[in-house]
Amino acid sequence: MTSKTVTLVALLTTTAWQFQAIAQSSASDSTGMGLEATAPVGVSDEEIIVTARRTAENLQDIPVAVTAFGEAALQKRSIDTLDQVAKYTPNIRFDGAAALSGGNYNATVFIRGVGQNDFAIFSDPGVGIYVDDVYYARSIGDILDAVDLSSVQVLRGPQGTLFGKNTIGGGMLISTANPDLDDVSGRIEGTTGRFNRIDVKGAINVPLIQDKLAIRLSAATINRDGYVTRLIDGTDQGDRNADMIRAKLRFQPNDAVTIDIGGDYTRARARAFCPQ
C-alpha cells in the first residue's frame, strides 16, 4: 500500500512572547511522565508549560488531563513513531495499523474508550491529531515518524470547545522543531537491526539573516523488511519503506511579530501485519 501526505502551513503571530509548547527541568523528568527541555523566558525550571488550551500555561493550573513529552523525553524512550507514545500514556490505545487497512500508517486511536475503528476516507476520527496546529482530518497517514519533533501532548477527554467536533475522545498535539535564528546546527543519526532495518534521520538549521530569518530542514528514510510471511502467497508483511522531508522558515522582523512557514512531504509504502 502506498500513501502520500503533503502539508503546508503558514502562521503569523503578533505577540511579544513565543512559547514553544512545553518545558520542564530534567530533575522532574525522573517521574517518567514529563519533558526535558529548556524553559522559555519568564517560566521557572519547576513548571511544565503546555498549550492544551491554545495558550502557554502551567500544566498544574489547567483543568485538562495532559501527558506531555519533550524532545529529550521522546529520544530517551526511543519513540520512533507516533503510536509508540501510547506505551507511556495512560487511558490510550493507539494501533499502528487499522484492521483490514493493509498499511502501517493508518491510525486507530482510542482515548478513554472513545475513538474510531474505521479508517475509510469518509469516516471522521474520534481523536484529533494536530501537527503544528494543522488538523489531520483522516486517520490514513496518521502514524507519523518521530523525526525532529520538539514535543508531543496527549489530551484526554473531549476537547471540542477549542479543537472542534472530531475530538470527542481527546487530541494529540505534535510540534516539530522550529528554526533557530542565532546558530548553525545539525545532527544525523542512523539505526540498523534485524530484517535489514536501516533508518537514517537528520536535520540542519541555518540562519539566513542573523536574528531575523532562518531555515530548518529535516529528512528521514525508514526501511525494514517484513517480519511475517503469509503462507498463501509468500508475501512478507510488517515491512516499512518511508521517505520524508520537512522545511520550516521563520521570519522575525521585530520582537512583536513572528512568521512561520512550513511544509512537509511523506511517501510511505508498506504491507501491514493485521492478525485481527
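Just a few scattered comments:
- Out of 150, 139, sole residue that is among the small types (Gly, Ala, Ser), under 23 Å from residue 162 (Cα atoms) and in contact with an Asp or Glu (Cβ under 6 Å, 6 or more places away or on another chain): 150
- Residues of the stretch 118-145 satisfying the condition of being within 23 Å of residue 263 (Cβ to Cβ), of a type in the set (A, V, I, L, M, F, W, C) and surrounded by fewer than 23 Cβ atoms within 10 Å (Cβ to Cβ): 121, 131, 134, 137, 140
- Residue match in the stretch 254-261 (condition: buried (at least 16 other Cβ atoms within 10 Å of the Cβ), at positive phi and either free of Cβ contacts under 8 Å to residues at least 40 places away in the same chain or under 25 Å from the mean Cα position of the chain (by Cα) (or both)): no
- The condition of being over 28 Å from residue 94 (Cβ atoms) and either among the acidic types (Asp, Glu) or free of Cβ contacts under 8 Å to residues at least 12 places away in the same chain (or both) holds for only one of 190, 186, 234, that being 234.
Every number here is computed from the coordinates shown, using simple stated rules; none is lab data. These figures come from a predicted structure and were not determined experimentally. For neighbour counting, all protein chains shown are included, and Cβ atoms are generated from backbone atoms with ideal geometry for every residue, glycine included.
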